[in-house]
Amino acid sequence: MSKVYLSYNNIVSSFGFDSEIAVQNIRNEVSGIRLINDHQLLPEPFYASMVDYEKLQNEFEALYPKGNYTRLEKMMLVSLQKVIKASQINLTDRVGLIISTTKGNIDVLEDNSPFPKKRAYLSEMGSVIKVFLGFKTEPIVLSNACVSGVLAVAVAKRFIEQGRFDHVFVVSGDLLTKFVLSGFNSFQALSKEPCRPFCKTRSGINIGEVAASILVTINENYLTEEAVTVLGEASCNDANHISGPSRTGEGLFRSVRSALIQARLKADQINYISAHGTATSFNDEMEAIAFNRLGMTKIPINSLKGYLGHSLGASGLLETIVGMHSLHQNTLFASKGFQELGVSKPINVIEKTTKKQLDIFLKTASGFGGCNTAIVLKKTKQKIKKPGTVPNY
């Protein structure tokens, strides 16, 4: 079976509008989380990462000065357009589009929104992105809680392996909104300080606002320096609770085990783990139990939530992209905010950004409803890309 690769990528975040600036800040252990005091979002001040709207507007107007688009659509279009343009791939019927999100345009349901309520339908957002960028194929909108970003990569891989597409562009995004904040606040899951995944003093999550995009391809001529090969992927639902993860880590355990079997690897061949690591009491404990059961307690592990918060359906793709750059730079990025181990099973949390020869990493994600996804990725040597034609937007 032909190999499937992850290649051109982009991150729109509180750090800026490309992957490199996000990775540079993470490598320097700089957080994009800040204290926000906006009573329209939440009555009391809260910590989160948020995209600069004025800068986003300028970026979008440089791309397309006219039209009525939501904040999330602008974030996704800016991100995805950069990836399409860089790859120079024509958008034929052999090119797919997958959009992953948890809440989509949920902000249009607020009373002061200038958009019609139907814009909240995920299919509407998919149609907007398809038409704007000129895709010939129908978009696939994937919304499966916080595993959506990683699952979208796995689904793209499967479509390519089945021969449906040669390339698939994946774009993920979620917003910082009143609805999302109030929901997590009702769970008493919001931290009143910058989050500390896996730490003894962790007290909950910070919400992040991100859009991320990537090219999934079968063609070796479209590989960037940080490109990786998808060795294996798997998903499993632990069927435990609508919001609480399995106390035994069963769903995550089975997902990782199946991904390793598909990749034909043993646990000790993984160089590092990019965990979900939300900094909630139950999630971090569940992950530690699952990794312990898998025999992965000594493998270096981090959570990137301390840099850009929990960006819901975009978090998995964001963290996959950062992991690709981590492999390319042979650098283990510190798990921001971690001070002292606060889970019942031993795990090897990365406390300081460190240079190390890297080849293979594991990305995991877990979400409400008991969903779990794992994907195994390997560093890929770059080949010279054939010139393509920039699509007509």
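The values are calculated or read from the model by the stated rules, or taken from the named source; none is laboratory data. Note that the coordinates shown come from a computational prediction; the quantities given were computed from them, not determined experimentally. Here the Cβ positions follow ideal geometry from the backbone for every residue, glycine too, while neighbour counts run over all protein chains shown.
From the list Glu20, Glu61, the one residue that fits, being touching a helix residue (DSSP H, G or I) at 6+ places or on another chain (Cβ under 9 Å) and acidic (Asp, Glu), is Glu20.
Can you tell which of Gly277, Gly323, Gly306, Gly316 is in contact (Cβ under 8 Å) with a residue 24 or more places away in the chain, within 16 Å of the chain's Cα centre (by Cα) and not in a helix (DSSP H, G or I)? Going through Gly277, Gly323, Gly306, Gly316 in turn, the sole match is Gly277. When Ala211 is tested against (1) crowded, with 16+ Cβ neighbours inside 10 Å; (2) farther than 23 Å from Leu377 by Cβ, exactly one condition is not met: (2). Candidates are the residues of the range 168-189 that are in contact with a strand residue (DSSP E or B) (Cβ under 6 Å, 6 or more places away or on another chain) and crowded, with 23+ Cβ neighbours inside 10 Å; the one that is nearest to Val4 (Cα to Cα) is Val168. When Gly244, Gly251 are checked against the criterion of being touching a Cys at 6+ places or on another chain (Cβ under 7 Å) and not assigned by TED's automatic domain parsing to the domain that holds Gly149, a single residue qualifies: Gly251. For the range 352-393, filtered to residues that are at pLDDT 95 or above and among the aliphatic types (A, V, I, L, M), the residue that is nearest to Phe184 (Cα to Cα) is Ala365. Would the range 27-49 turn up any residue that is outside any loop (DSSP other than H, G, I, E, B), over 30 Å from Asp111 (Cβ atoms), under 18 Å from the mean Cα position of the chain (by Cα) and at pLDDT 95 or above? Looking for residues that are outside any loop (DSSP other than H, G, I, E, B), over 30 Å from Asp111 (Cβ atoms), under 18 Å from the mean Cα position of the chain (by Cα) and at pLDDT 95 or above, one finds at least one in the range 27-49, hence yes.
Looking at the range 222-249 only, could you name the residues that are under 12 Å from Val4 (Cα atoms) and either assigned to a helix (DSSP H, G or I) or of a type in the set (Ser, Thr, Tyr) (or both)? Answer for the range 222-249, where residues must be under 12 Å from Val4 (Cα atoms) and either assigned to a helix (DSSP H, G or I) or of a type in the set (Ser, Thr, Tyr) (or both): Tyr222, Thr229. When restricted to residues that are outside any helix (DSSP H, G or I) and of a type in the set (Val, Ile, Thr), the range 50-83 contains 2. Every condition in (1) in a strand (DSSP E or B); (2) surrounded by fewer than 22 Cβ atoms within 10 Å (Cβ to Cβ) holds for Arg257 except the one numbered (1). From the list Ala234, Ala211, Ala227, exactly one residue is touching a Phe, Trp or Tyr at 6+ places or on another chain (Cβ under 7 Å) and more than 20 Å from Ser281 (Cβ to Cβ). Which is it? Selected residue: Ala227, the only one of Ala234, Ala211, Ala227 that is touching a Phe, Trp or Tyr at 6+ places or on another chain (Cβ under 7 Å) and more than 20 Å from Ser281 (Cβ to Cβ).
Pairs are defined by a Cβ separation below 8 Å, a sequence spacing of at least 6 or placement on different chains, a first member in the range 364-376 that is within 20 Å of Gly323 (Cα to Cα), and a second member that is among the acidic types (Asp, Glu) and part of a strand (DSSP E or B); the pairs so defined are Thr373/Glu233; Ala374/Glu233; Ile375/Glu233; Val376/Glu233.
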